[in-house]
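Reviewing the structure listed below.
Throughout, read-outs are computed from the coordinates displayed, never taken from laboratory work. Note that the structure is a prediction, hence the values are computed from the model and not measured.
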Amino acid sequence: MTTDFVVFIANRTLMTALTLLLPILGSALVVGVLVGLFQAVTSIQEITLTFIPKIAVVGLVILFTIPWMLDTVIRFSRMVFDQIIILGQ
């Protein structure tokens, strides 16, 4: 029973982490591709040109998705505590 519990919690932890990180990493990927395309078209090879837009977009994505992220983490925590209570019975 405890092995199944550990596997279940590990699976849910990885899926929750992936769910939380997907919007951040996806937006950074899209901006990186667009800036790379812009650099290739204009032949501008400025290193800092890639960081500033990514930081700005990632910051905005985090700002707009933080309520959803907090709700997801709270639901995950409640699920873990409920599973611990069920396991203890």
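Helical runs (DSSP H, four residues minimum) scored at -39500 (n - 2.57) apiece and divided by the length of the chain put the mean residue ellipticity at 222 nm at -34000 deg cm²/dmol.
Multiplying the residue separation of Leu70 and Val41 by 0.36 nm and subtracting their alpha-carbon distance yields 6.5 nm.
When its C-alpha radius of gyration is set against 2.2 N^0.38 Å (N residues), the chain gives a value of 1.60. For the chain, the relative contact order works out to 43 percent when only alpha carbon pairs closer than 8 Å and six or more residues apart are counted.
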